[in-house]
1. For residues in the range 42-55 being crowded, with 19+ Cβ neighbours inside 10 Å and not polar (S, T, N, Q), which is farthest from PRO137 (Cα to Cα)?
2. Taking the residues in the range 64-83 that are closer than 19 Å to SER132 by Cβ and of a type in the set (Gly, Ala, Ser) as candidates, determine which candidate is surrounded by the most Cβ atoms within 10 Å (Cβ to Cβ).
3. Looking at (1) under 14 Å from the mean Cα position of the chain (by Cα); (2) among the hydroxyl-bearing types (Ser, Thr, Tyr); (3) exposed (fewer than 14 other Cβ atoms within 10 Å of the Cβ), which is the only condition SER117 fails?
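Just so you know, all these numbers are worked out from the coordinates, no wet-lab data involved. These numbers come from a predicted model, not from an experiment. Note that we place each Cβ from the backbone using ideal geometry, even for glycine, and neighbour counts take in every protein chain shown.
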Amino acid sequence: MFRSVVAGKQLGEKDFTETKIEDLRKRDVSVVPFSVDSFGVFFAKQDTLVTVTRDLTKFLLFNLTTKEWSELASDQDTFASWQISRDRRYLYATTAGDNPKALRIRIADHAVDNITSLKSLRRVDDWYSGISTGVAPDGSMLFTRDIGTQEIYALTVKWP
């Protein structure tokens with residue numbers, strides 16, 4: 001699976017990317033229907049993709065067998081980051097806005113658990129990749145924390 005630029009579209013333009021799946025056995029590439037401008041696509045299960053909408057307010061599931069989309073979860077705030085769990089049972093996500101929070105979304109029944117508020121956590125917001133979230137082997141969420149640039153250190157290294 002990969003995202004690809006739509007022929008004739010320019011960077012930043014609506015409908016710029018689409019999701020494609022490559023079948024290595026058949027040497028065939030197919031476009032996932034209605035996947036234009038999808039972001040952060042993961043395999044939730046062997047036959048199911050999860051993605052976020054262009055406006056970053058909804059997670060969608062695409063069943064590769066039935067070729068149908070369904071809503072996994074939505075939030076009034078935009079989703080800032082997301083990561084699928086190692087066992088593919090959960091999607092972990094954070095929201096943006098005035099009251100950011102960490103969420104755990106169960107793929108099987110779409111249940112959304114509010115893990116914690118992130119209001120007091122100053123997260124790293126990189127201009128290129130945005131806010132990053134990870135999932136540890138034990139299933140706990142990982143965040144990057146911005147501690148600022150107030151402390152500057154000088155190191156002296158003696159090379160061999």
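1. Step one: filter the range 42-55 for residues crowded, with 19+ Cβ neighbours inside 10 Å, giving 44, 49-52.
Okay, now just the ones that are also not polar (S, T, N, Q), so 44, 49-50, 52.
Working: ALA44: 17, LEU49: 22, VAL50: 20, VAL52: 24 Å.
The qualifying residue farthest from PRO137 (Cα to Cα) is VAL52.
2. Applying the filter and picking the extreme gives SER81.
3. The number of the failed condition is (1).
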